[in-house]
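Participant: Just dropping this structure here.
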Amino acid sequence: SMLSVLRLIMTALLVHSADGAAAITDQCNSVIPSADEILDVIVVGNGPSALALGALLQHEWVVERGAPFSSKNALKRAARSLAGADLGSVGGNVIDNLGGELSARCVSPTSALVDALRFPVSDGGGKSLLDVRRRAPGSPTAAIIGRGPPGGSWHDMPGETLTLSPAEWMALPGMAWTAQPTPSGRATRGASAAYFEAYARDLLVPGTSVRGNVISADVREGVWHVHGTGPTLRGRALVLAGGAYDVPRRLGIPGEDLAAVFHRAPAPRRARLLVVGAGLSATDAVLRWLGAGGTAVHVFRTAAVDTRLYKMFGGNYSSSYDGECGLAALAAGEKRHPAYLPVPEAQLTAVRADGTVDLVDASSARRLEDHGVFDAVAILIGGTPALDFLPASILERLPSEPLAPGTKLDGTPGTHPRFLRVDTVTGLVTDSNGGVLHNDPPLYALGPLRGDNFVRFVVGDAAAVANDLRRRGAESKCSRGDLQDEC
């Protein structure tokens, strides 16, 4: 057929030209839904959790029959209970209850179960028990809006840096990870971005992925109206799936707006860099800078052993995280490097145009010794999600500061802050009392916004939202008399 011929041409172009891949994606995925159409759901953000939701709305994730080869009795019971069922329509309470019986390194029971079904042997291993099938016509209509290509912030990160996760953990249901991993077994972020772009192209209905900036959203006559750089979109539900670090945090100090001051990692070069922060972004920046032959002075507010860097990589060496483990040892003074100087328990209070800075003791505010002139200053202290497009009546009921991390299902403390309160059964955003924040039309949130940050642990959010959307759709049809035999 002509469609098959077109697909062959597109595949050939994609194989031979990375630029061609981007151009084709733009053409295929920039189809804007009609302004007159009321979509079932609008998703703001196009990272992995958003793509997983789009795929589940348009596909069935059917649990294969046969208990997994696993030592986890709770997983065996869950797999038998769900055998032959579609995770997108089995019911959010069912998934959440079964997931609550598992021990897992995430805070959401729903995510724990979906992850265990995808990786049923040990932690992150084994053949997936999910069979992904295209749904029959009549699937919920959706638009996934992102500022850039599908994959969200994975396109903003330096392409050569490495994911924390092993490469195969970056895959989403329905499409295997085929890129060659690095010797450490991890994936480059460039390969991850390319995978997510291909996933949207291959698994989402054309027109689902929309390129544009969202400026504002409001509710009129029971429908969400989302306004941006393209036509206004209307939808019966709104899903927040943006990244947790869209807006970099600032120190609010003199000189922070100078051209030599960065709030995202600067391109590495042979020069002197001052880095503020000891999270993952700061770690990447220091490692890349040292790798380019530069010199780094590393400032953080706490003792080295209390930093996220040391808590994740200090103490025990792992060949998969050679650079990170080495930097943790350097930060704690356990090792030395001629091009690296840690300055623990310190704060940056000013940057000057001549490249000099003021550093003070974090507890006493006593000024510290002069560390010379810097060619660049990178303030990498985390960020916050961009939610200012929401109506003021909703913004004023959201947490003003990130909430403390939740407790993982294995009993250990979470490491990722929660920016929103989210019901793990439905995916609905809730208020401080646990009530639904905006129910008609509904407001959902996915991914890092609710407290899990690894790709493999945000996939399950799609099941929570999809089940609630289907429940609402069925109730609506019942109220209209369209499903008399099932109501």
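Participant: Does ALA200 satisfy the criteria of being under 20 Å from the mean Cα position of the chain (by Cα) and either of a type in the set (D, E, K, R) or open to solvent by 50 Å² or more (accessible area, probe 1.4 Å) (or both)? Spell out the reasoning first.
Facilitator: Details: under 20 Å from the mean Cα position of the chain (by Cα): yes; either of a type in the set (D, E, K, R) or open to solvent by 50 Å² or more (accessible area, probe 1.4 Å) (or both): no.
No; evaluated as a whole, the condition is false for this residue.
Participant: Given the condition of a type outside the set (Ser, Thr, Tyr) and modelled with pLDDT under 90, answer yes or no: does some residue in region 42-65 qualify?
Facilitator: First pass over region 42-65, keeping only residues of a type outside the set (Ser, Thr, Tyr): 42-48, 50-65.
Narrowing the set further to residues that are modelled with pLDDT under 90 leaves 65.
Yes.
Participant: Run ARG470 past the list (1) more than 14 Å from LEU53 (Cα to Cα); (2) touching a residue at least 12 places away in the same chain (Cβ under 8 Å); (3) open to solvent by 20 Å² or more (accessible area, probe 1.4 Å) and report the number of the one that doesn't hold.
Facilitator: Here ARG470 clears every test but (1).
Participant: Can you tell me which residue within region 410-432, out of those that are under 22 Å from the mean Cα position of the chain (by Cα) and open to solvent by 50 Å² or more (accessible area, probe 1.4 Å), is farthest from ARG308 (Cα to Cα)?
Facilitator: ASP423
Participant: I would also like to ask the following. If you scan region 66-80, which residues turn out to be modelled with pLDDT of 85 or more and assigned to a loop (DSSP other than H, G, I, E, B)? Lay out the reasoning, then the answer.
Facilitator: If we filter region 66-80 for residues that are modelled with pLDDT of 85 or more, which is where we start, we get 73-80.
Within region 66-80, no residue meets the criteria.
Participant: In a helix (DSSP H, G or I), touching a Pro at 6+ places or on another chain (Cβ under 9 Å) and either among the aromatic types (Phe, Trp, Tyr) or closer than 30 Å to GLY414 by Cβ (or both) - does that describe any residue in region 328-337? Walk me through it before giving the result.
Facilitator: To start, the set of residues in region 328-337 that are in a helix (DSSP H, G or I) comprises 328-331.
From what's left, touching a Pro at 6+ places or on another chain (Cβ under 9 Å): 330-331.
This time we only want the ones that are either among the aromatic types (Phe, Trp, Tyr) or closer than 30 Å to GLY414 by Cβ (or both), so: 330-331.
Scanning region 328-337 turns up at least one residue that is in a helix (DSSP H, G or I), touching a Pro at 6+ places or on another chain (Cβ under 9 Å) and either among the aromatic types (Phe, Trp, Tyr) or closer than 30 Å to GLY414 by Cβ (or both).
Participant: Let me ask you something else. What's the number of the condition ARG234 fails, among (1) touching a helix residue (DSSP H, G or I) at 6+ places or on another chain (Cβ under 9 Å); (2) not in a loop (DSSP other than H, G, I, E, B)?
Facilitator: (1)
Participant: Also, I was wondering about something else. Name the residues in region 117-135 that are assigned to a loop (DSSP other than H, G, I, E, B) and closer than 22 Å to LEU53 by Cβ, would you?
Facilitator: So the first thing to find is which residues in region 117-135 are assigned to a loop (DSSP other than H, G, I, E, B), and the list is 119-120, 122-124, 126-129, 135.
Within region 117-135, PHE119, GLY124, SER128, LEU129, ARG135 meet the criteria.
Participant: Taking the condition of being open to solvent by less than 10 Å² (accessible area, probe 1.4 Å) and of a type in the set (Ser, Thr, Tyr), how many residues in region 42-93 meet it?
Facilitator: 1
Participant: Check LEU290, LEU273 and return the single one that is open to solvent by less than 40 Å² (accessible area, probe 1.4 Å) and assigned to a strand (DSSP E or B).
Facilitator: Working: LEU290 fails: assigned to a strand (DSSP E or B).
None of the others qualify; the one that does is LEU273.
Each row is one residue, and each column tells you yes or no for (1) surrounded by 15 or more Cβ atoms within 10 Å (Cβ to Cβ); (2) touching a residue at least 60 places away in the same chain (Cβ under 8 Å); (3) closer than 30 Å to LEU449 by Cβ.
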| residue | (1), (2), (3) |
| --- | --- |
| VAL297 | yes, yes, no |
| ARG301 | yes, yes, yes |
| TYR321 | yes, yes, yes |
| GLY333 | no, no, no |
| ARG352 | no, yes, no |
| LEU390 | yes, yes, yes |
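Participant: Among all residue pairs at least 6 apart or on different chains, which show Cβ distances below 6 Å where the first residue, located in region 224-251, is closer than 18 Å to ARG211 by Cβ and the second is among the hydrophobic types (A, V, I, L, M, F, W, C) and modelled with pLDDT under 90?
Facilitator: GLY230/ILE32; PRO231/ILE32; PRO231/ALA35
Participant: Okay, moving on. Looking at region 218-231, can you tell me whether even one residue there is in a strand (DSSP E or B) and out of contact with any strand residue (DSSP E or B) (no Cβ under 6 Å at 6 or more places or on another chain)? Full working, then the answer.
Facilitator: Of region 218-231, the ones in a strand (DSSP E or B) are 218-220, 223-228.
Now drop any that are not out of contact with any strand residue (DSSP E or B) (no Cβ under 6 Å at 6 or more places or on another chain), which leaves 219-220.
Scanning region 218-231 turns up at least one residue that is in a strand (DSSP E or B) and out of contact with any strand residue (DSSP E or B) (no Cβ under 6 Å at 6 or more places or on another chain).
Participant: Residues being assigned to a loop (DSSP other than H, G, I, E, B), over 16 Å from the mean Cα position of the chain (by Cα) and in contact (Cβ under 8 Å) with a residue 12 or more places away in the chain: count how many of those fall in region 433-453.
Facilitator: Keep residues of region 433-453 that are assigned to a loop (DSSP other than H, G, I, E, B), which gives 433-435, 437-438, 440-441, 446, 451-453.
Okay, now just the ones that are also over 16 Å from the mean Cα position of the chain (by Cα), so 433-435, 437-438, 440-441.
Checking which are in contact (Cβ under 8 Å) with a residue 12 or more places away in the chain leaves us with 434, 437-438, 440-441.
Summing the residues that are assigned to a loop (DSSP other than H, G, I, E, B), over 16 Å from the mean Cα position of the chain (by Cα) and in contact (Cβ under 8 Å) with a residue 12 or more places away in the chain in region 433-453 gives 5.
Participant: Given the structure, is PRO149 within 30 Å of ALA217 (Cβ to Cβ), over 20 Å from the mean Cα position of the chain (by Cα) and outside any helix (DSSP H, G or I)? Full working, then the answer.
Facilitator: Values: within 30 Å of ALA217 (Cβ to Cβ): yes; over 20 Å from the mean Cα position of the chain (by Cα): no; outside any helix (DSSP H, G or I): yes.
Spelling it out, it is not the case that PRO149 is within 30 Å of ALA217 (Cβ to Cβ), over 20 Å from the mean Cα position of the chain (by Cα) and outside any helix (DSSP H, G or I).
Participant: Hey, among ALA278, ALA303, ALA292, which residue is out of contact with any helix residue (DSSP H, G or I) (no Cβ under 9 Å at 6 or more places or on another chain) and either among the aliphatic types (A, V, I, L, M) or on the phi > 0 side of the Ramachandran plot (or both)? Steps first, please.
Facilitator: Details: ALA278 fails: out of contact with any helix residue (DSSP H, G or I) (no Cβ under 9 Å at 6 or more places or on another chain); ALA303 fails: out of contact with any helix residue (DSSP H, G or I) (no Cβ under 9 Å at 6 or more places or on another chain).
The unique qualifying residue is ALA292.
Participant: Residues that are closer than 21 Å to PRO140 by Cα and not in a helix (DSSP H, G or I): does region 463-481 have at least one? Even if it seems obvious, please write down each step before you answer.
Facilitator: We begin by selecting, within region 463-481, every residue closer than 21 Å to PRO140 by Cα; these are 463-481.
Now restrict to residues that are not in a helix (DSSP H, G or I): 481.
Yes, region 463-481 contains a residue that is closer than 21 Å to PRO140 by Cα and not in a helix (DSSP H, G or I).
Participant: Here is a follow-up. Here are the criteria: (1) outside any loop (DSSP other than H, G, I, E, B); (2) under 15 Å from LEU53 (Cα atoms); (3) open to solvent by 20 Å² or more (accessible area, probe 1.4 Å). Tell me which single one ARG456 does not satisfy.
Facilitator: (3)
Participant: Quick test for you: out of GLY159, GLY84, pick the one residue that is in contact with a strand residue (DSSP E or B) (Cβ under 7 Å, 6 or more places away or on another chain), among the small types (Gly, Ala, Ser), part of a loop (DSSP other than H, G, I, E, B) and on the phi < 0 side of the Ramachandran plot.
Facilitator: Going through GLY159, GLY84 in turn, the sole match is GLY159.
Participant: While we're looking at this one, here's another question. Answer yes or no: is there a residue in region 214-232 that is closer than 30 Å to ARG133 by Cβ and open to solvent by 10 Å² or more (accessible area, probe 1.4 Å).
Facilitator: Looking for residues that are closer than 30 Å to ARG133 by Cβ and open to solvent by 10 Å² or more (accessible area, probe 1.4 Å), one finds none in region 214-232, hence no.
Participant: Please go through region 120-154 and give me each residue that is within 30 Å of ALA74 (Cα to Cα), touching a Gly at 6+ places or on another chain (Cβ under 6 Å) and open to solvent by less than 20 Å² (accessible area, probe 1.4 Å), ordered by number. Give the steps one after another, and end with the answer.
Facilitator: Initially, region 120-154 is screened for residues within 30 Å of ALA74 (Cα to Cα), giving 120-135.
Narrowing further to those that are touching a Gly at 6+ places or on another chain (Cβ under 6 Å): 120, 132.
Correct list: PRO120 only.
The values are calculated or read from the model by the stated rules, or taken from the named source; none is laboratory data. Here the structure is a predicted model, which is why all the values come from computation and not from measurement. Neighbour counts are summed over all protein chains in view; Cβ atoms, including those assigned to glycine, are modelled from backbone coordinates with ideal geometry. Surface areas here come from the heavy atoms of the whole protein model, side chains and all, with no ligands, DNA or RNA. Shrake-Rupley method; radii C 1.70, N 1.55, O 1.52, S 1.80 Å.
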